[in-house]
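Take a look at the structure set out below.
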Amino acid sequence: MLFDAIVTLGGLVLPPAFDFIKKKFLKPEEDTTEATMNALATTSPDTLPAYITALVEKVKADILFFNRDVIGTPRQWIIDLRAAIRPLTVAVAVFALVGYGEQIAPGTRLFFEGISASWYGSRLSR
C-alpha cells in the first residue's frame with residue numbers, strides 16, 4: 001500500500017514540479033530563431049529573406065532525418081493508432097484500478113497507477 005501511494009503521488013507531483021523548477025530556475029534561452037529574425041530585421045533587413053530560406057531548408061532536413069525510416073506518408077489509421085496508444089492505455093489502467101482494485105497483482109497495480117498518475121500529472125503541468 002505504501003508503494004501505491006508513492007507511485008501515485010510521484011506521478012502526480014513530479015511532472016508539475018519539474019515544469020515549475022525548469023521555468024523558475026533555468027534561464028530561458030535567449031538565442032532563438034525569433035530573436036535572430038528580430039535582430040536581422042532591425043540591423044540588416046536585406047539578409048532576412050536568406051536567413052528565413054536557410055531556416056526553412058534546415059527544418060525540412062530535420063523532418064527528413066526524423067522520418068528517415070518512414071517511406072511515404074503513413075496511412076491515416078496508423079496515425080490514429082499512434083495517437084490513441086497513451087489515452088487507451090490510461091483508460092484501461094483506470095478501468096482496471098476502479099473495477100478490480102485489490103484483485104490485481106501488486107506489480108501490475110503499481111504499473112497501472114504509475115501510468116494513470118503520470119498522465120494526470122502531465123495534464124496538471126500544462
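Nothing in this text is a laboratory measurement; each read-out follows from the coordinates by a stated rule. Not measured: the values here are computed from a predicted model. Here Cβ is always computed from backbone atoms with ideal geometry, including for glycine, and neighbour counts include all displayed protein chains.
Numbers for the structure displayed
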{"item": "Linear extension gain, residue 20 paired with residue 33, 0.36 nm per residue minus alpha-carbon span", "result": "2.2 nm"}
{"item": "Packing rank of 21-31, 80-90, where each peptide gets the mean count of other beta carbons within 10 Å, highest leading", "result": "80-90, 21-31"}
{"item": "Pairwise label distance in nanometres, residue 100 with residue 2, each label 7 Å out on the Cα-Cβ vector", "result": "2.7"}
{"item": "Stretch gain in nm, segment residue 111-residue 91, where the contour uses 0.36 nm per residue and the Cα spacing is subtracted", "result": "5.9 nm"}
{"item": "CD proxy at 222 nm, helix term only [per DSSP H run n ≥ 4: -39500 (n - 2.57); per residue of the chain; nearest 500]", "result": "-26500 deg cm²/dmol"}
{"item": "Evaluated at q = 0.10, 0.19 Å⁻¹: base-10 log I(q)/I(0), Debye formula over Cα of the chain", "result": "-0.62, -1.04"}
{"item": "Relative contact order computed over the range 2-124 (Cα-Cα under 8 Å; 6+ residues apart), in percent", "result": "60"}
{"item": "Axial C-alpha extent at least 20 Å, average Kyte-Doolittle at least 0.5 - helices from the chain (DSSP)", "result": "2-25, 48-66, 76-100"}
{"item": "Residue-span extension gain [residue 43 to residue 84] - 0.36 nm each, minus C-alpha spacing", "result": "10.0 nm"}
